[in-house]
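The values are calculated or read from the model by the stated rules, or taken from the named source; none is laboratory data. Predicted model, so just to flag it, every value in this text is computed and none were measured. Cβ placement follows ideal geometry from the backbone for every residue including glycine, while neighbour counts extend to all protein chains displayed.
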Amino acid sequence: MSGIGEVLLALGPGGRAGGVLAIQILLILGIIGITAWLFRSRGARQLAVRRLLIIAFALFAVLAVLFPSLLSRAANLLGVGRGTDLLLYATVIVLLGVIAVQEVRAKNEEKRTTHLARRIALEEAESPEAYRRRALEPR
């Protein structure tokens with residue numbers, strides 16, 4: 001079968017070319033919405049590499065929605081039974097990566113907060129002489 005024929009077969013469930021399901025539209029809108037939110041919420045300081053990865057992920061997600069049989073073929077090439085299983089495994093790996101990155105960020109923020117709290121405490125602390133005078137004052 002030609003390459004174009006394979007793509008046409010992959011277009012819809014049951015091999016219907018051009019068959020777009022409501023769930024496909026909803027999933028693609030969700031992917032586009034989340035991608036737009038990721039760009040907006042990160043601001044201009046975001047690295048170009050991160051933006052390219054987001055675009056690549058969004059493109060992959062849209063292709064997986066539009067051509068589910070291609071995901072199944074990729075799964076079979078990798079020795080996984082179904083495309084949904086491959087997607088689940090990839091999602092678990094990505095989720096673990098996100099959790100690891102968030103853990104590192106949380107630890108860095110905790111260290112920074114501790115450092116700032118100590119610095120403020122030292123700056124606002126009164127001198128030992130002033131404390132002694134205040135403590136020994138008659139009331």
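Pairs meeting the criteria (first residue in segment 56-81 and touching a residue at least 40 places away in the same chain (Cβ under 8 Å), second residue surrounded by 13 or more Cβ atoms within 10 Å (Cβ to Cβ) and of a type in the set (S, T, N, Q), beta carbons under 8 Å, at least 6 apart or on different chains) are VAL65/GLN24; LEU66/GLN24.
Every listed requirement among (1) in a helix (DSSP H, G or I); (2) loosely packed, with under 13 Cβ neighbours inside 10 Å; (3) at pLDDT below 70 is met by ILE99 save one, (3). Tell me yes or no: at least one residue of segment 52-60 is modelled with pLDDT under 80, under 21 Å from the mean Cα position of the chain (by Cα) and not in a helix (DSSP H, G or I). Scanning segment 52-60, I find no residue that is modelled with pLDDT under 80, under 21 Å from the mean Cα position of the chain (by Cα) and not in a helix (DSSP H, G or I), so the answer is no.
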